[in-house]
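A short reminder: the numbers here are calculations on the coordinates, not readings from a lab. Keep in mind the model is a prediction, meaning the values are calculated, not measured. When we count neighbours, we look across all protein chains shown, and the Cβ atoms used for this are built from the backbone with ideal geometry, even at glycine.
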Amino acid sequence: MNFHAIRAIYRFEMHRTFRTLTQSIASPVLSTSLYFIVFGAAIGSRMGAIDGISYGAFIIPGLIMLSLLNESISNASFAIYLPKWTGTIYEVLSAPVSFVEVMVGYVGAAATKSVILGVLILCTARIFVDYSIEHPVWMLFFLVLTAVTFSLFGFIIGIWADNFEKLQVIPLMIVTPLTFLGGSFYSISMLPPIWQKITLFNPVVYLISGFRWSFYGVADVNVVVCIGVIVAFLVVCVATVWWIFRTGYRLKP
């Protein structure tokens, strides 16, 4: 394992983040804070509790997941697409590094940014809504696992995309709608029975359900199933990255 290569890629990506703090950190935190103000403090105070949890506190895990998924995908996809666009990706491909080292460097940096963002949003939520974390270790586990998994997914999107517009297609047209329909603002038990069954085909339901359980000990889906779904998607993403580097798909002319 070439740790020098991993450290070089990781440090370069992290330095780029700190050069663009307004875009990378401040903007997502501010956007999510508006949700807390509107849905948590304003509307939430006029709505009933869900599963014994105030509405403002209930939506916190969903809002964090909404930002975490989008930022993980965006950070990783842009990080690998930019070298492709400028042509510097060939320097990486010709260097004595394996796909594992390239993947760990880029994905590790993207996941680190997302975890920092998630923690900042969690701290910001305290200003507007009172909440508790029943299982803090599991909360951190879900936060890191989700950040790594969707950073890998974003890494794949960045390789697949051949223009800047395609970088936003999947996050905006697929991931964001699935997140809103995955129980971010409600419990799926509130839906009619037929829609409860249909909603279980939405993978984001398992992310939000497991994450919410770590806060309040309540979940729409069994926590073991939630972890299994996330790990399975992680394995699929790693296998896809291995195939991409083995075949040179969208990396080599």
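Structure data summary
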quantity	calculated
Using θ = phi - 60° and Karplus 6.51 cos²θ - 1.76 cosθ + 1.60, couplings along the range 14-24 (whole Hz; Gly, Pro as x)	5, 5, 5, 5, 6, 7, 10, 4, 4, 6, 7
Sorted by Cβ density within 10 Å, fewest first, the residues Lys252, Lys166	Lys252, Lys166
Residues of type aspartates and glutamates that Lys252 reaches as a straight line, Cα spacing below 14 Å, ignoring anything fewer than 8 places off in the same chain	Glu91, Asp162
Rounded tilt (10° steps) of 60-86 against the dominant C-alpha axis of the chain	10 degrees
Nearest-ten-degree value, helix 136-160 long axis tilted from longest Cα axis of the chain	40 degrees
Selected from Val29, Val100, Val205 as most flexible by GNM, with the chain as the system and alpha-carbon contacts under 10 Å	Val100
Least to most buried among Cys237, Cys123 (fewest other Cβ within 10 Å first)	Cys123, Cys237
Least to most buried among Ile159, Ile80 (fewest other Cβ within 10 Å first)	Ile159, Ile80
C-alpha center-to-center spacing [the range 49-63, the range 116-144] in angstrom	13 Å
The chain - mean residue ellipticity at 222 nm from DSSP helices (-39,500 (n - 2.57) per run, n ≥ 4, rounded to 500)	-22500 deg cm²/dmol
Summed residue charge, Cβ within 15 Å of Leu140's Cβ, Lys/Arg positive, Asp/Glu negative	0
Summed side-chain charge close to Val92 - residues other than Val92 whose Cβ falls under 11 Å, Lys, Arg +1, Asp, Glu -1	-1
Residues whose placed amide H lies under 5 Å from that of Ile50, excluding near-sequence neighbours	Tyr55
Taking N as its residue count, the alpha carbon Rg of the range 115-247 over 2.2 N^0.38 Å	1.14
Proximal aspartates and glutamates relative to Lys166, as straight alpha-carbon distance under 17 Å, when same-chain residues fewer than 8 apart are discounted	Glu71
Aspartates and glutamates whose Cα lies under 20 Å from that of Lys197, excluding same-chain neighbours fewer than 8 positions away	Asp51, Asp220
